[in-house]
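Inspection log for the structure reproduced underneath, given as C-alpha cells.
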Amino acid sequence: MTGAAPVPVRTAVVTGGASGIGLAVARRLAADGLKVAVLDLVPAPEAYGLTVDVTDRAQVDKAMDAVRERLGPVSVLVNAAGKDGFTRFGDLSFADWQRVVDINLNGVFHCVQSALPDMWEGHWGRIVNISSSSTHSGQPFMAHYVAAKSAVNGLTKSLALELGPRGITVNAIPPGFVDTPMLRTAEREQRLGGTVEDHVARTPVRRVGRPEDIAATCSFLVSEEAGYITGQIIGVNGGRNT
Ligand SMILES: NC(=O)c1ccc[n+]([C@@H]2O[C@H](COP(=O)([O-])OP(=O)(O)OC[C@H]3O[C@@H](n4cnc5c(N)ncnc54)[C@H](O)[C@@H]3O)[C@@H](O)[C@H]2O)c1
C-alpha cells in the first residue's frame, strides 16, 4: 500500500535556550518529538546543550558541526538568544550599542548562515527569530535594542523571500511582556515604569505572558503544516500591540 512519506524526526537548534523563552521553546520542541540542541552562553538545564556565544562565528560553526554530528542535519532554528539594554541615547557608548546589536542581530546572522546549508541541502527548513514587541512602537532608552530587533524583523522578511523557493520558511515572533528573568530584572531595576502587575492591568488579556505562549506559537511555525506561513511578524503580546 502506498501512502504519504513518513515525516522525518527533525533536528532543532534553539539559541538562548538555557533560560526564559528559549528554554520553554526547547522543552516544547522536545515534547513535540524533535531532537533539540541548545546554544547558550550558559549551560542548558536539559536537552543537548552547547556553551556558545552567538556573536562568535567560530564558536557557532563549531557548535553547529557538533549538533550535525550528534543529532543529524539542522532543519529547524529558533533564534531566542538576546540581551536588552537601557541607556539614555545621549549617554549610550558606541561599545554598548555595538554589543547589543552584536547579540540581538549579528548573532542571528551567524546562526542562520551556519545552519542554512543543511536546510538548503534538505529542501526544507524552519527559522523563527524572536524579536521584540518594542519594535511596534519604539521604546525610550532602548534605541540600540529596538534598532537591532527591528533589523531582525527586516532580515526575517528578506530571508523569507530568498529562501521560500527552497522550502525554507522564516518568521519572527516579537514577544511582549513575558515573565522571564529578563523581565523580572527590568522590574527590579525599575525600568518598566511600574511593576509587572501594573502592566497586567493595562494588558487586554489581563495577564503577563508566559514563555510557553511563545513556545506554542513557535511549535506551530516550525511544524510541517505551517509551510504556507513565511515572512510574517507574529505578535504574541496579550493584545498590548495590535
Ligand atoms: N521577556 C520578554 O518580555 C521579552 C520581550 C521582548 C523580547 N524578548 C526577547 O526574547 C528572547 C528571550 O528573552 P528572555 O526574556 O527569555 O531572556 P532571558 O534573559 O531569560 O534569556 C536569554 C538567554 O539568552 C542567552 N544569551 C544572551 N546572550 C547570548 C549570547 N551572546 N550567546 C548565546 N546566548 C546568549 C542568555 O544566556 C539567556 O539564557 C530575547 O531575544 C529577548 O530579547 C523578551
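The values are calculated or read from the model by the stated rules, or taken from the named source; none is laboratory data. All values reported here derive from a predicted model rather than from experimental measurement. Note: ideal-geometry Cβ built from the backbone for every residue, glycine included; neighbour counts use all protein chains shown. Ligands, DNA and RNA are stripped out before the accessible areas are found, and what is left, the full protein with its side chains, is counted by its heavy atoms. Shrake-Rupley method; radii C 1.70, N 1.55, O 1.52, S 1.80 Å.
Some notes on this structure:
- Matching residues in the stretch 122-158 - criterion: being of a type outside the set (S, T, N, Q), closer than 20 Å to Tyr228 by Cα and open to solvent by less than 30 Å² (accessible area, probe 1.4 Å): Gly125, Arg126, Ile127, Val128, Ile130
- Hits in the stretch 209-232 - residues which are buried (at least 19 other Cβ atoms within 10 Å of the Cβ) and outside any helix (DSSP H, G or I): Gly209, Val222, Thr230
- Looking only at the stretch 88-106, and only at residues there that are away from the ligand (no atom under 16 Å from the Cβ) and touching a helix residue (DSSP H, G or I) at 6+ places or on another chain (Cβ under 8 Å), the one that is farthest from Val42 (Cα to Cα): Phe89
- Test set (1) within 10 Å of the ligand (Cβ to nearest atom); (2) in contact with an Asp or Glu (Cβ under 9 Å, 6 or more places away or on another chain) - Val170 fails condition number: (1)
- Of the criteria (1) within 16 Å of the ligand (Cβ to nearest atom); (2) polar (S, T, N, Q); (3) within 26 Å of Ala216 (Cβ to Cβ), which one Gln59 fails: (3)
- Sub-7 Å Cβ pairs linking a first residue in the stretch 140-160 that is within 15 Å of the ligand (Cβ to nearest atom) to a second residue that is among the acidic types (Asp, Glu), at least 6 apart or interchain, are Met142/Asp84; His144/Asp96; Tyr145/Asp84, ordered by first then second residue.
- Considering Ala5, Ala26, Ala44, the condition of being small (Gly, Ala, Ser), under 16 Å from the mean Cα position of the chain (by Cα) and part of a loop (DSSP other than H, G, I, E, B) is satisfied by Ala44 alone.
- Selection of first residues in the stretch 222-241 that are free of Cβ contacts under 8 Å to residues at least 40 places away in the same chain and of second residues that are in a loop (DSSP other than H, G, I, E, B) and of a type outside the set (A, V, I, L, M, F, W, C), restricted to Cβ pairs under 6 Å at least 6 apart or on distinct chains, gives the following pairs, ordered by first then second residue: Gly239/Pro204.
- Residue within the stretch 187-196 that is within 11 Å of the ligand (Cβ to nearest atom), under 30 Å from Thr11 (Cβ atoms), in a helix (DSSP H, G or I) and open to solvent by less than 40 Å² (accessible area, probe 1.4 Å) present: no
- Residues satisfying the stated conditions in the stretch 125-159, i.e. more than 16 Å from Gln232 (Cα to Cα) and in contact with a Gly (Cβ under 7 Å, 6 or more places away or on another chain): Met142, His144, Tyr145, Val146
- Matching option when the condition is within 27 Å of Val100 (Cα to Cα) and buried (at least 24 other Cβ atoms within 10 Å of the Cβ), among Val42, Val14: Val14
- From the list Gly49, Gly33, Gly20, the one residue that fits, being more than 10 Å from the ligand (Cβ to nearest atom), touching a Pro at 6+ places or on another chain (Cβ under 8 Å) and open to solvent by less than 60 Å² (accessible area, probe 1.4 Å), is Gly49.
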